[in-house]
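*Asks:* After the structure tokens below, expect a handful of questions from me.
The values are calculated or read from the model by the stated rules, or taken from the named source; none is laboratory data. No experiment lies behind these values; they were computed from the predicted model shown. With ideal geometry, Cβ positions are generated from the backbone for all residues, glycine too; neighbour counts draw on all protein chains shown. All accessible areas refer to the heavy atoms of the entire protein, side chains included, with ligands and DNA or RNA removed. Shrake-Rupley method; radii C 1.70, N 1.55, O 1.52, S 1.80 Å.
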Amino acid sequence: MTQQQKRILALNAFEGGAALDSDVADLVRRRQATFGASSVLFYRQPLHIVKAETCYIHTADGRRYLDLYNNVPSVGHCHPRVVAAVSAQLAEFNTHSRYLYDNIHDYAERLLATFPAGLSNIVFTCTGSESNDLALRLARMASGASGFVVTRTAYHGNTAAVTDVSPSSAIAGGLAPHVRAVAAPGRAAHGDNIAMGFAQAVSAAIKDLNDSGYGFAGLLVDSIFSSDGVFSDPAGFLGPAVQVAKDAGGLFIADEVQPGFGRTGGGMWGFARHGVMPDVVTMGKPMGNGYPIAGTVTRPDLLARLCDSYGYFNTFGATPAAAAAGLATLQVLQEEGLIEHAGRVGSYLKQGLAELRGSLPGIGEVRGTGLYLGLDIVDPDDGETPDGAGASSLINALKEEGVLIGAAGPYGHTLKIRPPLCLQASDADRFIDALIRIGKKG
Ligand code: PMP
């Protein structure tokens, strides 16, 4: 049984070796020649995609796949309303944000209305990484300190500063000196009182940062703990840790790149599930249904503090085209009732997956909420030991069954389920039937 720790980009990665269809082989060759060492592809047989709609992706060989992995096209692949809004804006005008135009304000006001009072300023960026990079700067300016506490398998993005707070990206060398990592809030690490166990771990990490001279700038967490393996219960478990962070003079930064925009099924934002009030909220991926738009929401005083010392301008943040994408995505999310829908279909799917435990070998615990679920793949003999190799085989077998899915967790043994929010109950059944068919084949 393999129980090897895995880097996030190594999960379900194409490693070569298998015979490939000729069109795929040709594209892989061209890609490797130009992208070099940074090329990362999924699957033993990479997919050559030609089109997509709702929760489905079509490939050049005429196959159709159920996409359970993709939280970027959050309201559905190629949603006609988003496509129309972006196309119309691009045909009209597009520019950077040092001019006035209407749609960015319609969007900013509508989006900020979904936040608690006090979080009333937004800086538009293009990626989650930029949003988190800015959040780190806000926390440093506010606290005068440089130390951060994150979770052990967290991923927060790709800038130099953000890579430092993303333990799941480290290949060698371990953590940056100003960063402390604590186990994500699960029972295995923190016992039955997850909230208190997590708060104690955060408190010890803050003490260590203070003792080492870095001081404490902030606690940064993905509020669904996606790359840690998906942890959502019991609701409220973040409360004591956030209090510890604030009492210690740091900011609480909620990274909503994964859970945000309704995915958890109980409201717009993952942090709300835990009844906590962030100082900074970062967002990205699902925000423009595939168009690159992201943002950092914060209090006016924190933003002013940073902007007193440094200007902030982002050429492609807040363009009219980005605003069109964001506004149309938010309208669809709200007007098609997709948050409530994610809650309903997510519960149905979670229940179906929970019922597989015990009847199918290797199926472990299911966690999560709404349409963000994690399913552990474990050693069939003891029903417990994480089985990263088993998860990897299952991911490839699911692909053969026409289902796309990813992995998470320190050993890559948790199936990460986060489809577009328009997933139907019949799609959930399709996934469960595929798992049963694969399980029966052994
Ligand atoms: N935060 C989290 C929790 C993420 O999962 C990601 C991307 N996977 C990021 C930040 C970075 O977002 P981006 O890739 O848009 O820079």
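*Asks:* Test G213 against the criterion of being more than 13 Å from the ligand (Cβ to nearest atom), small (G, A, S), open to solvent by 10 Å² or more (accessible area, probe 1.4 Å) and assigned to a loop (DSSP other than H, G, I, E, B), and give yes or no.
*Replies:* Judged against the criteria, G213 is a match.
*Asks:* Moving to a separate point now. Which of (1) modelled with pLDDT of 95 or more; (2) more than 17 Å from T282 (Cβ to Cβ); (3) away from the ligand (no atom under 16 Å from the Cβ) is the odd one out, the single condition G229 does not satisfy?
*Replies:* G229 satisfies all of (1) modelled with pLDDT of 95 or more; (2) more than 17 Å from T282 (Cβ to Cβ); (3) away from the ligand (no atom under 16 Å from the Cβ) except (3).
*Asks:* Across segment 236-253, what is the total count of residues that are touching a residue at least 60 places away in the same chain (Cβ under 8 Å), open to solvent by less than 10 Å² (accessible area, probe 1.4 Å) and more than 16 Å from the ligand (Cβ to nearest atom)?
*Replies:* 2
*Asks:* Among A19, A88, which is free of Cβ contacts under 8 Å to residues at least 24 places away in the same chain, of a type in the set (A, V, I, L, M, F, W, C), outside any strand (DSSP E or B) and surrounded by fewer than 19 Cβ atoms within 10 Å (Cβ to Cβ)?
*Replies:* Answer to the check: A19.
*Asks:* Residues D208, D192: which one is open to solvent by 10 Å² or more (accessible area, probe 1.4 Å) and either of a type in the set (F, W, Y) or assigned to a loop (DSSP other than H, G, I, E, B) (or both)? Full working, then the answer.
*Replies:* Numbers: D208 fails: either of a type in the set (F, W, Y) or assigned to a loop (DSSP other than H, G, I, E, B) (or both).
Every option except D192 fails the conditions.
*Asks:* Let me ask you something else. If you check T153, T163, which single one turns out to be within 15 Å of the ligand (Cβ to nearest atom), crowded, with 16+ Cβ neighbours inside 10 Å, hydroxyl-bearing (S, T, Y) and part of a loop (DSSP other than H, G, I, E, B)?
*Replies:* T153
*Asks:* If you don't mind, another one. Would you check if V276 is more than 13 Å from the ligand (Cβ to nearest atom), open to solvent by 10 Å² or more (accessible area, probe 1.4 Å) and in contact with a helix residue (DSSP H, G or I) (Cβ under 6 Å, 6 or more places away or on another chain)?
*Replies:* Yes.
*Asks:* Kindly evaluate D26 against the criterion of being modelled with pLDDT under 95 and surrounded by fewer than 19 Cβ atoms within 10 Å (Cβ to Cβ).
*Replies:* The answer is yes for D26.
*Asks:* Now for a different question. Which of (1) assigned to a loop (DSSP other than H, G, I, E, B); (2) modelled with pLDDT of 95 or more; (3) over 27 Å from G284 (Cα atoms) is the odd one out, the single condition Q200 does not satisfy?
*Replies:* Of (1) assigned to a loop (DSSP other than H, G, I, E, B); (2) modelled with pLDDT of 95 or more; (3) over 27 Å from G284 (Cα atoms), only one is false for Q200: (1).
*Asks:* Let me spell it out: the conditions are (1) within 16 Å of the ligand (Cβ to nearest atom); (2) more than 24 Å from the chain's Cα centre (by Cα), and R137 meets all of them except one. Which number is the exception?
*Replies:* It fails just one condition, (2).
*Asks:* Could you please tell me which pairs satisfy a Cβ distance under 8 Å, a separation of 6+ or placement on different chains, a first residue in segment 222-234 that is over 19 Å from S131 (Cβ atoms) and open to solvent by less than 10 Å² (accessible area, probe 1.4 Å), and a second residue that is of a type in the set (D, E) and away from the ligand (no atom under 12 Å from the Cβ)?
*Replies:* Pairs found: G229/D376.
*Asks:* If you scan segment 91-105, which residues turn out to be assigned to a helix (DSSP H, G or I) and open to solvent by 80 Å² or more (accessible area, probe 1.4 Å)?
*Replies:* A91, E92, H105
*Asks:* Considering only residues that are within 16 Å of the ligand (Cβ to nearest atom) and part of a loop (DSSP other than H, G, I, E, B), look in segment 291-311 and name the one that is least open to solvent (accessible area, probe 1.4 Å).
*Replies:* I293
*Asks:* Out of segment 216-226, which residues are touching a Gly at 6+ places or on another chain (Cβ under 9 Å) and within 13 Å of the ligand (Cβ to nearest atom)?
*Replies:* Of everything in segment 216-226, those that are touching a Gly at 6+ places or on another chain (Cβ under 9 Å) and within 13 Å of the ligand (Cβ to nearest atom) turn out to be D222, S223, I224, F225, S226.
*Asks:* Something else now. Scan segment 328-340 and give yes if some residue there is within 16 Å of the ligand (Cβ to nearest atom) and in the same structural domain as A154 (by TED's automatic domain parsing), otherwise no.
*Replies:* In the first step, residues of segment 328-340 are kept if they are within 16 Å of the ligand (Cβ to nearest atom); the result is 329.
Then keep just the ones that are in the same structural domain as A154 (by TED's automatic domain parsing); that gives 329.
Yes, segment 328-340 contains a residue that is within 16 Å of the ligand (Cβ to nearest atom) and in the same structural domain as A154 (by TED's automatic domain parsing).
*Asks:* Can you tell me which residue in segment 117-134 is nearest to the ligand (Cβ to nearest atom), limited to those that are under 16 Å from A318 (Cβ atoms) and not in a helix (DSSP H, G or I)?
*Replies:* The selected residue is T127.
*Asks:* Quickly run through segment 49-82 and pick out the residues that are under 21 Å from I293 (Cβ atoms) and in a loop (DSSP other than H, G, I, E, B).
*Replies:* Across segment 49-82, the qualifying residues are Y69, N70, N71, V72, P73, S74, V75, G76, C78, H79.
*Asks:* Looking at segment 254-265, is at least one residue of a type outside the set (G, A, S), in a strand (DSSP E or B) and within 16 Å of the ligand (Cβ to nearest atom)?
*Replies:* yes
*Asks:* Within 29 Å of F93 (Cα to Cα) and out of contact with any strand residue (DSSP E or B) (no Cβ under 6 Å at 6 or more places or on another chain): which single residue out of T296, T319, T329, T282 fits that description? First the steps, then the outcome.
*Replies:* Values: T296 fails: out of contact with any strand residue (DSSP E or B) (no Cβ under 6 Å at 6 or more places or on another chain); T329 fails: out of contact with any strand residue (DSSP E or B) (no Cβ under 6 Å at 6 or more places or on another chain); T282 fails: out of contact with any strand residue (DSSP E or B) (no Cβ under 6 Å at 6 or more places or on another chain).
Unique residue meeting the criteria: T319.
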